[in-house]
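FYI, it's all coordinate maths here, none of it is from the lab. These numbers come from a predicted model, not from an experiment. Neighbour counts are summed over all protein chains in view; Cβ atoms, including those assigned to glycine, are modelled from backbone coordinates with ideal geometry.
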Amino acid sequence: MDLTQLLQKMQIRDSLTPSDTCSVTAVLTHICKRLEVEDETEKRVLIQKDIAEFFDLAPLDWLFPDVNTDLRDAYLSLLSALTKYAALPLCDTDSGCLPANSYEDIPNKAQAVCTSLLALTVRMQKAVENQSNPPVKSLAQTVSPVLCIFSITHLQEQPWTNAASRRSALQLLTSAVGMTGRRSVQELLSGDEDKKGVLGPVLDTLQPELTKENWKRNQAVKHVFSWMLVQVGRPYLTEYLERVFPPALLISDDYRTENKVLGVHCLHHIVLNVPAADLRQYNRAQVLYHALFNHLYTFEASLLQVVLPCLADLISVLETPSSHAGLPRKPNRFDDVLRHVLTYMEMEHKIDLRRVYASNLVLFIERMGIVIIRHLKRLERVIVGYLEVSDAPEEKTRLSILDALQKTLQIAWPRMEKRIGTLAQCLLRFLVDISSDSLSPQLKEQLMSKASHCLLLLNHCSKGKLQTLLMEVDSSCVPDRVLKCIQQVTAAALYEENHQMI
C-alpha cells in the first residue's frame, strides 16, 4: 500500500498525490479531526494503526517541509489528540486516588498511542540526521516536552500501567532522546553548555496542574514531576528553583503519607542539588526546615526514613560554620532535632520506627561532631536500651546502634571514660545474649565483631582501665564465644600498648 492508498483508506478525500497539493498540514489537521470525533474504541485503535503506517510510508521531505508556525501547530495538535486518548480519568475526591479498575483500559490505549508516536519520532530522527533539513531540529525540540510527559506518565509502575505499556513508553522516551540528538534523558531535560533542555517547557506544561486546587485531579502529575525533577542535578536545577520548590513543598504538606514521602523526596533532591545561598534566599530554607520538623511528630516509618536525612542535609545549609575558632559552639538546629529524636527513641516500642531512628542516628552524630557531648547522657540511655531489645532475625536496629556507639566513642572519647562501667556492662551482656540467640552465623559474627570493636574503643577512652577489668573476668562463667571476643580485645590492647612502648 502506497501513501495515496493509505490516505484514501484514512478517508482523506483528496485524490491528488501528496507531492502535488495535498500538504502534510492538511493531512495532520484531518487526522486530528477524526481522532476528536471518533468515540468507538475499536475504530480509534484502527486509526492509531493507520497513523503509525502513515508516518512509516510518507516521504521525509513531505512530512517535514519548511518548518513554519502552521506546521508546528499541526504537529502539536496531533500529539495532543493522540495523548488525550490515553489520558487518565480525573479525580474529584479529596484523596486524589481512584480505584484501580478505573484505569483498566489505559495500558492498552497507551500502547496504541506509543506505537503511533514512536513511528513519528523514528522518522523525525532520520530527518534530523539529514543535514539538508536543519529546521527539523527545532521542530523536534518543540514536540519533545509532550513526548516526555506522556512517556514518563506510562513509564513508572503505577495502577494505570502494565509491563507491556511500560516497555512501549520506555521505547518512546529513548526514541525522543535520540530524535533531539541528546545522549540521555538527563541531558534532554537539563541541556548542556550549548543548548537548554526541555525541563522549562515541561514545567510550563505541568504548572497549571501543580496548583493547590488541581494537583490531585490527575494522579500521574505528581509522579511525572518527581521523576523528572530527580533527573536534573547541579548546576542546572538552580535555574528552575522557583518553579520546582513550591510544588514539592505542596506535595509534602498533604495529609496522605505517600504524598508526604514523595514531596520530601523531591525536596531532598533540591537541597542536595541547589547551592546553599539560593536555598537561603527569600527564607526558603527556613520555611522548609519548619515544614520538615513538623513531620518528626509522625508515627509513619516510611516518612521518617526520608525526613531525617533531608533534615540533616538541610541543617548543614542553615548552620554555617563558626568563624571564631576555639569559641564554644552555640546550640543550633542540630541540637533541637537530635534532642527531639532521642526523646522519641527512648519511648518508642514499634520495631519499624526503632529501625528508622537507629539507622539515622549515626548521621546526626557525624554531622554534630564533638558537640555531641551535650547529649551524651540521653544518648547513653538510648544506646543501652536499644542493645537490650532484639529485632531478630535481621537485627538491623542493634547493628545501627552499634555503629552509632562506635562513632560516638571515636568523636567524644575525652568524655567517655566515666561512662565505661555502664557501656562495658551493656556490651558484655549483649555479647552473652547474642551468643545464645538462634541467628545466622554471619549475622552473629557481624554483631559480635562490632561489639568487640566498641569494647576496644572503650579501652582506649579509659586509658587501658577496661583491659584490666576484662582480664579479671572468670572464664568459667562466660560462654566460649564471648570469652573469645574478650581475649581478642585484651590481646589487641596489649599489642598496641607494647607497640607504643617500642
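Some notes on this structure:
- Placed amide H near residue 464: partners under 5 Å, 5+ positions off or other chain: none
- For the listed peptides 357-366, 383-392, a ranking on the average number of other beta carbons within 10 Å per residue, highest first, reads 357-366, 383-392.
- With the helix formula -39500 (n - 2.57) applied to DSSP H stretches of n ≥ 4, the chain reaches a computed 222 nm mean residue ellipticity of -21500 deg cm²/dmol.
- Site pair residue 339 and residue 184 shows an inter-label distance of 4.3 nm when each label is modelled 7 Å from Cα along Cα→Cβ.
- Under the Karplus curve 6.51 cos²θ - 1.76 cosθ + 1.60, θ = phi - 60°, whole-Hz ³J(HN,Hα) for region 392-401, x wherever Gly or Pro sits: 4, x, 8, 6, 5, 5, 6, 4, 5, 5
- Per residue, the convex hull spanned by the Cα atoms of region 245-314 measures out at 69 cubic angstrom.
- On Cα atoms only, tilt of 441-461 relative to the major axis of the chain in degrees: 60 degrees
- Each principal axis of the Cα atoms in region 116-270 has its own extent, and those three values, largest first, are 55, 36, 23 angstrom.
- Dividing the Cα radius of gyration of region 199-342 by its Kirkwood radius returns 1.00 for Rg/Rh.
- Cα centre as origin, Lys/Arg/Asp/Glu Cβ charges: the chain dipole, Debye: 1480 debye
- Degrees between helix 284-295 axis and first principal axis of the chain (Cα, 0 to 90, nearest 10): 70 degrees
- Sites residue 296 and residue 61 - FRET efficiency at Förster radius 56 Å, r taken between beta-carbons, to 0.05: 0.35
- Karplus-derived 3J(HN,Hα), 6.51/-1.76/1.60, for each residue of region 345-350, Hz, glycine and proline x: 5, 4, 9, 7, 10, 7
- Burial ranking of peptide ranges 250-257, 347-354 (average Cβ count within 10 Å, highest at the top): 250-257, 347-354
- Angle in degrees between helix 351-368 and the longest Cα principal axis of the chain, rounded to the nearest 10: 80 degrees
- Ordering 137-145, 283-291 by mean Cβ neighbour count within 10 Å, with the highest value first, yields 137-145, 283-291.
- Which of 55, 299, 150 has the fewest Cβ neighbours within 10 Å, and the rest in rising order: 299, 55, 150
- Equivalent ellipsoid dimensions for the chain as semi-axes, Å, which come from the Cα gyration tensor, largest first: 62, 24, 21
- The P(r) of region 289-403 has a tail past 25 Å containing 21 percent of all C-alpha pairs.
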